[in-house]
Amino acid sequence: DTEVTQTPKHLVMGMTNKKSLKCEQHMGHRAMYWYKQKAKKPPELMFVYSYEKLSINESVPSRFSPECPNSSLLNLHLHALQPEDSALYLCASSQGYFGEQYFGPGTRLTVT
Amino acid sequence: AQSVTQPDIHITVSEGASLELRCNYSYGATPYLFWYVQSPGQGLQLLLKYFSGDTLVQGIKGFEAEFKRSQSSFNLRKPSVHWSDAAEYFCAVVPYNTDKLIFGTGTRLQVFP
């Protein structure tokens, strides 16, 4: 099974709200990722967790706060977002360095 | 500069026709190479990957790709396209000794009946 699940599928939030995106995988993968994808663009890497520790932060604004509670779960906490943060947020996982990444279906976020 | 290039932004083919999507990379050491497909509003699905060995790799949905070191290319092919293949296709690399997946700009495939 190569499934990565993400909830919610859609999220609409105001600029003063606090919300969270959730991602789960049960493949025993040691690395998990958050990507942001704008329309008609490739995904852009935001964060990488390796063995539950943050290993890469691609200079993402602090209004995005990642969390990895355990090896199967990855959260992205959102606070005080801007309309330009509206995008498809994708989660992925992989077995190890250089390994293929498996993506979830994404959360479509709209900031009003 | 290190990059992944997909020269074709948009390709249109007739159903049943053959397909080739181009991908070139610019890295010192041969990276790990991937092709992903994305249907509108969906996540990305891995089609195939190349790490080493046989330069012609088979993937899912009848796709194959050929790694050519001399041309720094990893082109995706399919002998007969189906209407359901209409989607966005991304070539991606993981450069040597990194944990980052770097995507090309994508090629949008449109299939006419």
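The values are calculated or read from the model by the stated rules, or taken from the named source; none is laboratory data. Being a predicted model, the structure only gives us computed values, none of them experimental. As a convention, Cβ positions derive from the backbone with ideal geometry for all residues, glycine included, and neighbour counts pool all protein chains shown. Calculation scope for accessible area: heavy atoms of the full protein, side chains included, ligands and nucleic acids excluded. Shrake-Rupley method; radii C 1.70, N 1.55, O 1.52, S 1.80 Å.
Considering the stretch A:82-112, and only residues there that are in a loop (DSSP other than H, G, I, E, B) and within 15 Å of the chain's Cα centre (by Cα), the residue that is nearest to A:Met27 (Cα to Cα) turns out to be A:Gly104. Charged (D, E, K, R), within 10 Å of chain A (Cβ to nearest Cβ) and either within 16 Å of the chain's Cα centre (by Cα) or open to solvent by less than 20 Å² (accessible area, probe 1.4 Å) (or both), is that true of B:Asp85? The answer is no for B:Asp85. The selection criterion, being over 27 Å from B:Val4 (Cα atoms) and within 14 Å of chain B (Cβ to nearest Cβ), does not hold for A:Glu44. Scanning the stretch B:70-81 for any residue that is within 10 Å of another protein chain (Cβ to nearest Cβ), within 26 Å of A:Tyr33 (Cβ to Cβ), modelled with pLDDT under 95 and over 12 Å from the mean Cα position of the chain (by Cα) turns up nothing. Every condition in (1) away from every other protein chain (no Cβ under 11 Å); (2) of a type outside the set (Lys, Arg); (3) in a strand (DSSP E or B); (4) within 14 Å of the chain's Cα centre (by Cα) holds for A:Val60 except the one numbered (3). State whether the residues of the stretch B:89-110 include one that is open to solvent by 20 Å² or more (accessible area, probe 1.4 Å), within 14 Å of chain A (Cβ to nearest Cβ), at pLDDT 95 or above and not in a strand (DSSP E or B). Looking through the stretch B:89-110, at least one residue is open to solvent by 20 Å² or more (accessible area, probe 1.4 Å), within 14 Å of chain A (Cβ to nearest Cβ), at pLDDT 95 or above and not in a strand (DSSP E or B). With respect to the conditions (1) over 16 Å from the mean Cα position of the chain (by Cα); (2) open to solvent by less than 70 Å² (accessible area, probe 1.4 Å); (3) of a type outside the set (A, V, I, L, M, F, W, C), A:Gln37 falls short on a single one, namely (1).
Only a single criterion out of (1) among the small types (Gly, Ala, Ser); (2) over 30 Å from A:Ser50 (Cβ atoms); (3) within 11 Å of the chain's Cα centre (by Cα) is not satisfied by B:Gly106, namely (2). When residues in the stretch A:80-95 are screened for being open to solvent by 10 Å² or more (accessible area, probe 1.4 Å), within 14 Å of another protein chain (Cβ to nearest Cβ) and more than 18 Å from A:Lys9 (Cα to Cα), 1 of them pass.
Residues in the stretch B:28-54 that are within 13 Å of another protein chain (Cβ to nearest Cβ) and not in a strand (DSSP E or B): B:Ala29, B:Thr30, B:Pro31, B:Ser39, B:Pro40, B:Gly41, B:Gln42, B:Gly43, B:Phe51, B:Ser52.
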